[in-house]
1. If you count only protein heavy atoms and use a 1.4 Å probe, how large is the accessible surface of Y436, to the nearest 10 Å²?
2. Roughly speaking, what % of Cα-Cα pairs in region 310-362 are separated by over 15 Å, rounded to a whole number?
3. Of the candidates F177, F344, F130, which one comes out as most mobile in a Gaussian network treatment of the chain with C-alpha springs shorter than 10 Å?
4. Sequence gap at least 6, Cα distance under 8 Å: using those rules, report the relative contact order of region 161-206 to the nearest whole percent.
5. Before I look further, what does the chain give for accessible area per residue, probe 1.4 Å, in whole square angstrom?
6. Expressed as an acute angle from 0 to 90° and rounded to the nearest 10, what is the orientation of the C-alpha long axis of helix 368-377 relative to the principal long axis of the chain?
7. Amide H to amide H under 5 Å from A310: which residues, 5+ apart in sequence or cross-chain, H placed 1.01 Å off N in plane?
8. Taking the Cα centre of region 186-289 as the origin and placing charges on Cβ (Lys, Arg +1; Asp, Glu -1), which of S288, V254, Y268 is farthest toward the positive end of the dipole?
Amino acid sequence: MKRNFTSLLLYFFLIFASNIFSQNKPINAFTNRIFDGKDYQPLQDLKWKFKTDGKIFSSPIVQNGIAYIGSEDSYFYAVDEKSGNLKWKFKTNGSVHSSASIYNGIIYFGSFDGHYYAVNAKTGKEIWRFTTKGEHWYSEVGMWGMKPSDLLMADLWDFYLSTPVIYVDHNSALAIFGSSDGNLYAVDAKTGTLKWNFQTKAAIHSTPVLEKSTVYFGGWDSIFYALDCKTGKEKWKFSTEIKTGFTGIQASAVVYDGVVYFGARDPYFFALDAETGKVIWKYNAENSWILSSAVIKDNTVYVGTSDTYALLALDAKTGKEKYRFKGNGYVYSSPAIAGNTIYFGDFSGNFFSLNLHSKKEFQVTPTENRNKYAKTILNNNLLDFTHAAKATDLSIYAENHRVMNEFYRLGPIVSSPFIINNVIFYGSADGYLYAYNLRKEK
């Protein structure tokens with residue numbers, strides 16, 4: 001009887017302890033984009049919006065009543081979840097295109113100033129910074145044959161910096177992130193001391209993904225890697241194609257049921273065996289890049305495409321397309337799911353809430369800038385690069401840059417949504433962090 005009572009106490013202790021420890025589980029914008037919910041929940045009304053002084057490409061994360069987001073204005077912001085009021089802001093010396101991770105009250109993110117930071121999540125005080133060999137947009141001389149041929153050109157679609165992810169092993173933790181210098185770094189999460197690095201042949205702007213003791217990531221060298229989290233030793237690698245205009249891996253991966261899924265610019269979406277790196281299937285994205293990271297539910301992979309403006313629904317086992325939903329522009333925002341609703345933005349400034357049960361019932365929420373400028377920039381409500389160029393010579397790099405700046409007036413959404421307490425948060429290139437109430441479930 002005493003033994004049974006002791007076992008019962010131990011059982012309840014383990015349940016209690018697991019709940020306590022789970023609160024310290026590392027989270028980031030890409031860890032798991034499946035949120036609680038049952039019915040179709042479109043956006044109900046604007047709760048608040050918070051204005052920064054630069055475009056937002058990073059994705060928000062919310063914990064303990066605070067929403068966190070980085071901006072091109074060089075600041076990282078902490079905003080009150082309920083009111084939208086500023087709690088604190090942290091200044092860097094470069095654009096903050098990295099999303100953040102949180103672990104044990106510390107928030108981790110990177111900046112184009114060449115540093116990755118660990119900051120107290122409550123106060124915004126710096127704990128440590130790690131200096132890379134430099135952060136920059138991916139660039140090529142005379143990219144894609146554009147003129148002038150001797151000009152070093154930044155890729156206009158290279159939106160993100162890598163988000164640090166936290167690998168926890170017993171009593172230690174590593175912050176693991178990619179860099180424009182071609183390294184994947186693992187540093188002590190408490191001190192920022194380098195533990196190991198893995199050198200690739202080009203910039204790494206994707207966010208690494210952890211599964212058990214393996215870290216998966218791809219880079220601008222067009223290679224997808226699997227490394228040992230503890231040592232940084234390569235387990236396997238997989239090469240995607242390299243060809244003009246279709247080079248590189250920007251999307252982050254997702255691991256599901258022993259398979260690692262990711263998209264590339266070559267342009268395919270891949271399903272590889274997570275242990276061996278062998279191809280299980282690949283999906284031809286019809287000359288569309290895949291910069292969006294996938295989300296998987298009920299044996300279905302959901303991922304966005306560029307030039308076909310699609311949110312794809314693929315069979316997770318076979319790669320066969322089940323259906324597609326077409327937006328009004330490039331779908332670079334990584335989708336999130338709550339119940340039977342999937343949420344994502346597009347490059348024309350629209351935010352979609354799609355009912356996965358009906359596949360036809362949906363809601364569109366435009367940014368304010370889209371409402372202002374859609375008629376003058378879009379072609380029949382669709383993003384059209386040639387139309388926006390207005391007969392100018394698109395072989396000239398500066399003209400491509402001008403068209404992109406026109407598109408940015410729409411408030412494109414490349415940020416991925418985060419859902420908590422029946423509120424959805426996402427950023428936009430109009431500089432706002434939006435918080436919308438979701439329609440309450442019946």
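The values are calculated or read from the model by the stated rules, or taken from the named source; none is laboratory data. Keep in mind that this is a model prediction, so the values were computed, not measured. Cβ: placed from backbone, ideal geometry, glycine included. Neighbour counts: every protein chain shown. Side chains included, ligands, DNA and RNA excluded: accessible areas come from the protein's heavy atoms. Shrake-Rupley method; radii C 1.70, N 1.55, O 1.52, S 1.80 Å.
1. Y436 has an accessible surface of roughly 30 Å² with all protein chains in place.
2. Details: 648 of 1378 pairs.
Across region 310-362, Cα pairs with separations above 15 Å total 47 percent.
3. Answer for the Gaussian network model of the chain: F130.
4. Details: 100 pairs, mean separation 16.3, N = 46.
Over region 161-206, the number comes to 35 percent.
5. On the way: 18750 Å² over 442 residues.
Heavy-atom accessible area per residue stands at 42 Å².
6. 30
7. T305, G327, V331
8. V254
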